[in-house]
Amino acid sequence: MMGFKAKRSLAELRALIGSEIGVSRWIEVNQSMIDGFAEITDDHQFIHVDPVKAAETPFGGTIAHGFLTLSLLSTMVYEAGPSLNGVTMGVNYGFDRVRFLSPVRSGKRVRGRFTLAKLDESVPGEATYRQNVTVEIEGEEKPALIAEWIGRVYLEKA
């Protein structure tokens, strides 16, 4: 597993293209977290915030917002994403693909698996990387989401 604690050179990271580079810790998605996300985003749909009414649905209870699960990637990437020596700043460049495959029920735990798909160093002082991410739900076969995530880092000048 490689994370931000294991700094690599560009050559070392390049050698990992196509490989899984890390797995984050498990993160519990509890009702308090879901309610807080609902407040911030003003998305109070009952399947997220009303345990009694949500229990009557096929989900059997409340579920996390898909965007809440997606936002947890910010925490997961610090533990398990690509890490380079000499980085002065990193930015989220975006996603080419995100698919929400399974709901995350309140009380479940999720974690991220990161595979380095591509590393582009065509702009001096920058490295843009693509990673394939799967967010797993503990004890479930089908993942919560899959994504193609793009990040960019700015490197110290030589």
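FYI, it's all coordinate maths here, none of it is from the lab. These numbers come from a predicted model, not from an experiment. Reconstructed Cβ throughout: ideal geometry from the backbone, glycine too, with neighbour counts over all protein chains shown.
Computed quantities for the displayed model
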{"read-out": "Low-density loop cleavage sites - GluC sites (Glu not before Pro) in the stretch 120-155, where at most 10 other Cβ are within 10 Å (DSSP)", "value": "Glu141"}
{"read-out": "Fewest-first sequence of Val135, Val49 by Cβ atoms within 10 Å of each Cβ", "value": "Val49, Val135"}
{"read-out": "Fewest-first ranking of Phe59, Phe37, using other Cβ atoms within 10 Å as the exposure measure", "value": "Phe59, Phe37"}
{"read-out": "Gained length - Glu121 relative to Thr75, 0.36 nm times residue gap less alpha-carbon distance", "value": "14.1 nm"}
{"read-out": "Charged-residue dipole, Cβ positions (Lys, Arg, Asp, Glu), the stretch 5-158 about Cα centre, Debye nearest 20", "value": "500"}
{"read-out": "Helix 31-41 vs. the chain, principal-axis angle (Cα, 0 to 90°, nearest 10)", "value": "70"}
{"read-out": "Per DSSP, loop trypsin sites (Lys or Arg not before Pro) in the stretch 1-109 with at most 10 further Cβ within 10 Å", "value": "Lys5"}
{"read-out": "Signed unit charges on C-beta, dipole axis of the chain, positive-most listed residue Ala11, Phe67, Ile47", "value": "Ala11"}
{"read-out": "Packing-based exposure ordering (other Cβ within 10 Å, fewest first) of Met76, Met89, Met33", "value": "Met89, Met33, Met76"}
{"read-out": "Sum of -39500 (n - 2.57) over DSSP H runs of 4+, divided by residues of the chain (222 nm, nearest 500)", "value": "-5500 deg cm²/dmol"}
{"read-out": "Scattering curve values for the stretch 86-128, log₁₀ I(q)/I(0), Debye with Cα scatterers, q = 0.27 Å⁻¹", "value": "-1.23"}
{"read-out": "GluC sites (Glu not before Pro) restricted to the stretch 14-93 and DSSP loop, no more than 13 other C-beta within 10 Å", "value": "Glu56"}
